[in-house]
Amino acid sequence: WTSRARPSFLYVCYILLLFAIPIGILHAFSPTASNSIAEGFKLWLIAIPSDVIDLMKIVMLGYIGGRSFEKIRGVAK
């Protein structure tokens, strides 16, 4: 899992971006339905505790900083 954590996180981001395409098409035919879906997703994201989001930021910054340090020193392949 640890070797695939970063790619897995990016795959989730890709899925969310790709999901925007059918929602955009739906908006052309039914703005009310697409707005309801967007509002529901927004409420779902707001329900995530801010402590979890802060922890994710710290972890990602630490990981990125550590990898950058390794690359500068030539440790990483």
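Spatially, region 5-30 and region 40-63 are offset by 18 Å when compared through their Cα centroids. In the chain, taking the dipole from charged Cβ atoms about the Cα centre, the farthest positive-side position among PHE41, ILE25, GLY74 is held by GLY74. Charge dipole of the chain (Cα centre as origin; +1 on each Lys and Arg Cβ, -1 on each Asp and Glu Cβ, all else neutral): 500 debye, rounded to the nearest 20.
FRET efficiency for the pair ALA20 and ARG73, taken as 1/(1 + (r/R0)^6) with r the Cβ-Cβ distance and R0 = 35 Å, rounds to 0.35.
Over region 4-74, accessible surface divided per residue gives 83 Å², non-protein components excluded, 1.4 Å probe.
The values are calculated or read from the model by the stated rules, or taken from the named source; none is laboratory data. Here the structure is a predicted model, which means the values were calculated and not measured. Ideal geometry is used to build each Cβ from the backbone, glycine not excepted, and the neighbour counts take in all protein chains shown. All accessible areas refer to the heavy atoms of the entire protein, side chains included, with ligands and DNA or RNA removed. Shrake-Rupley method; radii C 1.70, N 1.55, O 1.52, S 1.80 Å.
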